[in-house]
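*Asks:* Handing you a structure now.
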Amino acid sequence: MSVDITRLSDGVDGIFIRNARFNTTLISFNFYMPLDKERVAEYALLPFVMTTCSNKYPDFSKLNYKLNKLYGAKLEASAEKVGDLQLLKMAVSVIDDKYTLDGEELCAQACELLMSLIFEPKAEDGAFFEEDLKREKRKAIEHIRGEMNEKRIYAKKRLIEEMYKNSPYGVSKCGTENQVQKITRKSLYKAWKELISSAYVRVNVIGNSLPVGLFESITERFGEIKRENITDCFNITPTRKAVKVKEITENMDISQGKLVMGFSSRTYGDDIKTAPMLVMCDIFGGGPYSRLFTNVREKMSLCYYCLASSVRVKGLITVDSGVEKQNADKAKEEILKQLEAVKKGEFSDFEFESSIKSITDSLKTYDDSQSSLDLWYSLRISSEKAVSPQEMSELVSKVEREQITDVANGVFLHTVYRLMPEGA
């Protein structure tokens, strides 16, 4: 697999990820905007409105007919959070041109379809249509309520809100239900104009070959737009060590409590800088060989699950666990005890080697899916070099025990969030 990056226009890059294993070509437009509490809900709604209709395809039946004509091409949309940025993704997947009848150039047509949805939205008089807005607002509110009902997701979300209060990373990637309710036809259209003119854009193309003229057609489209105040993707603030550990407890009508702990790390940044942090976090609370699994969960039975994860670009490590109310404090102390053990290098060769093997095996699976590769490169927007999964695997395989303890000694408890059952 090879990766080529091309500057297409001001603030627009194209990446071709060559992989001969796939029979389809995936083209994704990734728009990056600063996480803005006031605009986050409008930006998050845009990909879903824009991939259901356009001026050329005003309703889903006409759009679906066109997708069927493209041998069943598929459209996808999503809104994510990448460091202090909001990622808005619109993608199309279509079979490779070499498999079409009569040599039809489907990839170019699919890209043109996607660009028509992005650059020619279904709107009039500077506003989207009410029926389209109402439909997607309903779906967005259902999604937000769904996260609220899934208490594990809710608890981790609340930790991040408290840990990063008054900073961009604390903003929810889709906004709140109240913010979604307030979106109007005109405010959404204004957000679209801002997105097109000021987002940093990365176009990922993943397939066997780069269709002739594809990047040129994208360059031409962006050349028609006045681009200004383009998002700075390298301006991401790392997590600072807390002056005082923050502790928050909320009660709710639930049967199982949630204990979520957030830690700052002196190690942060791109893949090249943070490979040891990835291994350290996995030894601490990754697989069934990890300190948290074998000790806190299995030996001491203090929780139903106990897992550590990291957001390395922010220098953030979180531990989330499901606990009985009476075990919450014991679990917290034991989690901190296991972190101290890692800081002292008190982990076995088996734990160290198992972690390396688990991570490298996991990285190999990215080659099995175009959507996984697409997300991999989309999330590495602030890296100076687009490290491939294979290159990351090599970095991980070279990590040494001393690097693990060095990283661990730069990890400090920042915030503790408890979501506990009501009553005694």
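The values are calculated or read from the model by the stated rules, or taken from the named source; none is laboratory data. Every value quoted in this text rests on a predicted model; they were computed, and no experiment measured them. Cβ atoms come from the backbone with ideal geometry, glycine included; neighbour counts cover every protein chain shown. Each accessible area value is taken on the protein alone, full model and side chains, heavy atoms only, with ligands, DNA and RNA left out. Shrake-Rupley method; radii C 1.70, N 1.55, O 1.52, S 1.80 Å.
*Asks:* Going by what's in this entry, would F22 be described as touching a helix residue (DSSP H, G or I) at 6+ places or on another chain (Cβ under 7 Å), open to solvent by less than 40 Å² (accessible area, probe 1.4 Å) and modelled with pLDDT under 95?
*Replies:* So F22 fits the description; yes.
*Asks:* Considering segment 169-202 alone, what residues qualify as being outside any helix (DSSP H, G or I), aliphatic (A, V, I, L, M) and touching a helix residue (DSSP H, G or I) at 6+ places or on another chain (Cβ under 6 Å)?
*Replies:* The answer is V171, I183.
*Asks:* Which number in (1) modelled with pLDDT of 95 or more; (2) open to solvent by 50 Å² or more (accessible area, probe 1.4 Å); (3) farther than 30 Å from N23 by Cα marks the one condition that E120 misses?
*Replies:* Failed condition: (3).
*Asks:* Another question, then. Within segment 133-140, does at least one residue satisfy the condition of being among the small types (G, A, S), farther than 22 Å from S378 by Cα and buried (at least 21 other Cβ atoms within 10 Å of the Cβ)?
*Replies:* Yes, segment 133-140 has at least one match.
*Asks:* Of (1) open to solvent by 40 Å² or more (accessible area, probe 1.4 Å); (2) under 23 Å from the mean Cα position of the chain (by Cα); (3) hydrophobic (A, V, I, L, M, F, W, C), A108 satisfies all except one. Which?
*Replies:* Of (1) open to solvent by 40 Å² or more (accessible area, probe 1.4 Å); (2) under 23 Å from the mean Cα position of the chain (by Cα); (3) hydrophobic (A, V, I, L, M, F, W, C), only one is false for A108: (2).
*Asks:* In addition: Tell me which residues, restricted to segment 73-105, are charged (D, E, K, R) and either part of a helix (DSSP H, G or I) or under 25 Å from the mean Cα position of the chain (by Cα) (or both).
*Replies:* Within segment 73-105, K74, E76, E80, K81, D84, K89, D97, K98, D102 meet the criteria.
*Asks:* If you go through segment 322-340 one residue at a time, do you hit one that is more than 24 Å from R152 (Cα to Cα) and either modelled with pLDDT of 95 or more or buried (at least 22 other Cβ atoms within 10 Å of the Cβ) (or both)?
*Replies:* Yes, the conditions are met somewhere in segment 322-340.
*Asks:* Something else about it: Here is a list: L302, L316, L278. Which entry is under 18 Å from D361 (Cβ atoms) and either open to solvent by 20 Å² or more (accessible area, probe 1.4 Å) or hydrophobic (A, V, I, L, M, F, W, C) (or both)?
*Replies:* Answer to the selection: L278.
*Asks:* Hey, does segment 148-162 have a residue that's closer than 20 Å to F60 by Cα, part of a helix (DSSP H, G or I) and out of contact with any Asp or Glu (no Cβ under 9 Å at 6 or more places or on another chain)?
*Replies:* Looking for residues that are closer than 20 Å to F60 by Cα, part of a helix (DSSP H, G or I) and out of contact with any Asp or Glu (no Cβ under 9 Å at 6 or more places or on another chain), one finds none in segment 148-162, hence no.
*Asks:* On to the next question. If E384 satisfies all but one of (1) open to solvent by 30 Å² or more (accessible area, probe 1.4 Å); (2) modelled with pLDDT of 95 or more, what's the number of the condition it fails?
*Replies:* Against the list (1) open to solvent by 30 Å² or more (accessible area, probe 1.4 Å); (2) modelled with pLDDT of 95 or more, E384 comes up short only on (2).
*Asks:* To continue, here is another question. Filter segment 218-237 for residues that are within 24 Å of the chain's Cα centre (by Cα) and either part of a strand (DSSP E or B) or surrounded by fewer than 16 Cβ atoms within 10 Å (Cβ to Cβ) (or both) and give the result.
*Replies:* N229, I230, D232, F234, N235, T237, listed by residue number.
*Asks:* Identify, please: which residue in segment 242-265 is in contact with a Phe, Trp or Tyr (Cβ under 9 Å, 6 or more places away or on another chain), closer than 26 Å to N409 by Cα and not in a strand (DSSP E or B) and is, among those, most open to solvent (accessible area, probe 1.4 Å)?
*Replies:* Selected residue: V245.
*Asks:* Just to confirm my filter: which helices (runs of 4 or more DSSP H) fall fully inside segment 272-389 and include at least 1 residues that are closer than 18 Å to V82 by Cβ?
*Replies:* Result: 370-379.
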